Amino acid sequence: MSSPEIGIPNYLGIALAVGFLVVLLAAIALGARQIRHVRSSQLKWILLTGIQLLLLGALLTVVELMVPSEHVMRVRLREAGVIMALIPVAIGALGLLLVMAGILSTARGGSEPERPPSDPESNMELVRSIMNSSLHGMMTLRAIRDAAKNIVDFEIDLVNPAAQEIIGQPASVMSGARALDKLPCLAESGLLGHGIAVVETKLPFRKEIPLTSANQERWYQFVVVRHLDGLVATFADITDRKQAEEKLRLAARHDALTGLPNRAMFLERLGQAIHRSQHIPEYHFAVLFLDFDRFKLVNDSLGHDIGDQLLISIADRLSANIRAVDLQTRQSASHLPARLGGDEFVILLDGIRETNNVVIVGERLQEALAPPHHIAGHQITATASIGIVTSEGKYTRAEDVVRDADIAMYHAKGAGKARQVVFDADMHAAVMEQATLEQELRDAVERRVFIVEYQPIVSLKSGRIAGFEALIRWPHGQRGILLPISFLSFAEELGLIVEMGESVLRTACGALRKWMDQTGNSDLFVSVNLSRRELMDPHLTSRLERIISETGVKPGSVHLEIAESICMNCPNEADPVLRSLKDLGFVLVMDDFGTGHSSLGSLDKFPFDIVKIDQCIGSRDRQWRQFVAITKSMVELVHTLDMPVVAEGIETQDQVNMLQKVDCDFGQGWLFSKAVSEQQAGQLL
């Protein structure tokens, strides 16, 4: 008789088997994830065994679910009884137990790697090896605590060779000693306190600190970290780097040649002085702007090397005298001399009590700078023109102070050099007027608003007009007709004179062509002035040839007037230009003869055709007899070289009579006619 079937209802059994399978699979996944973090070989064996049992249990459970009930395997399992039917459950439960045991062991620290037994001697050898191979100084220190467990000092433990060299003491002397006994600089620099903080907070410390040893300051970079109940300190000598950084910093704020503060540093200090003056009513400052007279002449004649040595000598005198300034200041050491560039120096008098005394400082500086400088066998005198600005001007910007001091300095130069001038508001107004004039002048050149008037040049023998001098006029909208003396030098400085001169020459040649056609007189000429900039213009000859060709006049009808001073100041540059102009057929006139060298050598050196006498020699402060004698000698000097003479500035008939007696050839002046328009000149002809 067959035994009854042991089991549970079919559907409930399937559900329990599926649930058991899910539990097994979850345990397998958890064990596989955990095994990656386990370093202990024993725990790894437990987890791997458990995972394998879980896999076997899961496989048997799948077979139980998937194999049909009438299959021979299922039949034999049923015949084997209850024990054999529960084998998958037992295997899965055992694997689950092993996996959970491995996971719990890992959570209690089982993932820590197995370490070999510690060898203190090996560890110390490793530390010594690291320290001895370091190029930086290193030492280990143990904390020394008092009864209250407070750190009061450190005991020096290990010291590497680099540290011994830096400190200057051998390890045998330092090891075991108190740090404060062997390294008192720790307390002086505050390093001891920082070291205590590192031990207590466990935070590392890093700082660059200057230390003084044997009256010599050295810079060190310290890095301190906690080590057990003490420290590991690493330090390196960075003095060379600090010195290089200091040199760069000084170079950025000091003049490389003289060593004085430069513009940037001066403006910074001046800005601070302005700020103080705005908040402290009794605080005052002043700025002196110095420019040395005729310094360019030193460079041009003796060379730039001598010029540089002169600047160094000037800077030394300024520094020495500023230190000696006695204005009853609160801080005399705060006075600051600086070099702006070239031969321009400035001095900040900081914290002065009385601004009226600044002029006295300027006078003392003049006295100090007056003696000659002895440089390379030369005695060089370098006087200064000084512009002065005080804080009474209520400035807000350092640049404005320097600007106004510069303006005052130029007024000192204009007043005769080697003197000081205090800035006032009128000077700034004049500069603003000049700036306005510059813009108006540029605009006038661009719009070509200038006109040309003509003053007759009369033959003193026949009384007839021989030609005209062309004179430029500026019809200014607000100031009326401006004469050349008001703007020509300014135009030359701005580089506008070449364009203006070309316009005057073209207009004058056109007028000459009309007069010749009107009168039939081909001997008429027109005289035009050439400035220094025009004479040195490389395109001068081509421009003149083009104008002559366009207007149809001959070069011999155009007289080019060049001041004697231009030729004598740059003879090597002027002579070839003059000769090329003469080769083209132009008539060359030496203008203003009598104001410069006025010698036979100057007349003989250059290829002039006519000489024009400046009648300033006939000014009213001269005796008539002197005037006659000087004029006669000059006319005779010129006639010696077979050149005609033109006397300008004639205002009286007595002058005409005298000039005729000394055989002067031509005359020009208000006695004959003032400068007139082109049409009026035609009527005079």
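Hey, can you tell me all the residues within the range 250-281 that are surrounded by fewer than 15 Cβ atoms within 10 Å (Cβ to Cβ) and not in a helix (DSSP H, G or I)? Selection gives ALA256, LEU257, GLY259, ILE280, PRO281. Of the listed requirements (1) in contact with a His (Cβ under 7 Å, 6 or more places away or on another chain); (2) modelled with pLDDT of 95 or more, LEU560 misses just one: (1). Against the numbered list (1) closer than 30 Å to GLN420 by Cβ; (2) touching a Phe, Trp or Tyr at 6+ places or on another chain (Cβ under 9 Å), ILE209 comes up short only at (1). Identify the residue in the range 310-329 that is open to solvent by 60 Å² or more (accessible area, probe 1.4 Å) and within 21 Å of GLN420 (Cα to Cα) and, among all such residues, is modelled with the highest pLDDT. Looking at the filtered set, the residue picked out is ASP316.
The single condition among (1) without any contact (Cβ under 8 Å) to a residue 60 or more places away in the chain; (2) crowded, with 18+ Cβ neighbours inside 10 Å; (3) not in a strand (DSSP E or B) that ALA511 does not meet is (1). Considering each residue of the range 347-354 in turn, at least one proves to be within 24 Å of HIS428 (Cβ to Cβ), in contact with a Pro (Cβ under 9 Å, 6 or more places away or on another chain) and buried (at least 18 other Cβ atoms within 10 Å of the Cβ). Checking every residue in the range 392-402 against the condition of being among the polar types (S, T, N, Q), at pLDDT 90 or above and open to solvent by 50 Å² or more (accessible area, probe 1.4 Å) gives at least one match. If the condition is being acidic (Asp, Glu) and at pLDDT below 90, then the range 272-309 contributes GLU282, ASP293, ASP300.
Of all the listed residues (ILE481, ILE485), the sole one being assigned to a helix (DSSP H, G or I), open to solvent by 20 Å² or more (accessible area, probe 1.4 Å) and among the β-branched types (Val, Ile, Thr) is ILE485. The set of residues from the range 444-475 being within 42 Å of the chain's Cα centre (by Cα) and either under 15 Å from LEU530 (Cα atoms) or open to solvent by less than 20 Å² (accessible area, probe 1.4 Å) (or both) comprises ALA444, VAL445, TRP474. Against the test of being modelled with pLDDT of 90 or more and of a type in the set (D, E, K, R), the options ARG269, ARG253 yield a single qualifying residue, ARG269. Taking TRP624 as the residue in question, decide whether it is open to solvent by 60 Å² or more (accessible area, probe 1.4 Å) and either over 60 Å from the mean Cα position of the chain (by Cα) or closer than 24 Å to PHE608 by Cα (or both). Here the answer is yes, as TRP624 does meet what is asked.
Taken over the range 186-208, residues that are touching a Leu at 6+ places or on another chain (Cβ under 7 Å) and surrounded by fewer than 16 Cβ atoms within 10 Å (Cβ to Cβ) amount to 1. Candidates in the range 403-443 are the residues that are on the phi > 0 side of the Ramachandran plot and in contact (Cβ under 8 Å) with a residue 12 or more places away in the chain; of these, the one that is surrounded by the most Cβ atoms within 10 Å (Cβ to Cβ) is ALA418. Counting only helices (runs of 4 or more DSSP H) that sit completely within the range 521-570, those holding 3 or more residues that are open to solvent by 40 Å² or more (accessible area, probe 1.4 Å), among the charged types (D, E, K, R) and out of contact with any Phe, Trp or Tyr (no Cβ under 6 Å at 6 or more places or on another chain) correspond to 540-551. Number of residues in the range 282-307 that are in a helix (DSSP H, G or I), touching a helix residue (DSSP H, G or I) at 6+ places or on another chain (Cβ under 9 Å) and hydrophobic (A, V, I, L, M, F, W, C) equals 4. One residue stands out in the range 147-171 among those that are part of a strand (DSSP E or B) and either of a type in the set (D, E, K, R) or open to solvent by 60 Å² or more (accessible area, probe 1.4 Å) (or both): the one that is nearest to GLU125 (Cα to Cα), namely ASP157. Of all positions in the range 99-109, none carries a residue that is open to solvent by less than 40 Å² (accessible area, probe 1.4 Å), within 18 Å of VAL225 (Cα to Cα), modelled with pLDDT of 65 or more and assigned to a helix (DSSP H, G or I).
The values are calculated or read from the model by the stated rules, or taken from the named source; none is laboratory data. Bear in mind that the values here come from a model prediction, so they are computed numbers and not experimental data. Note that we place each Cβ from the backbone using ideal geometry, even for glycine, and neighbour counts take in every protein chain shown. Please note that ligands, DNA and RNA were not included when accessible areas were found on the heavy atoms of the full protein model with its side chains. Shrake-Rupley method; radii C 1.70, N 1.55, O 1.52, S 1.80 Å.
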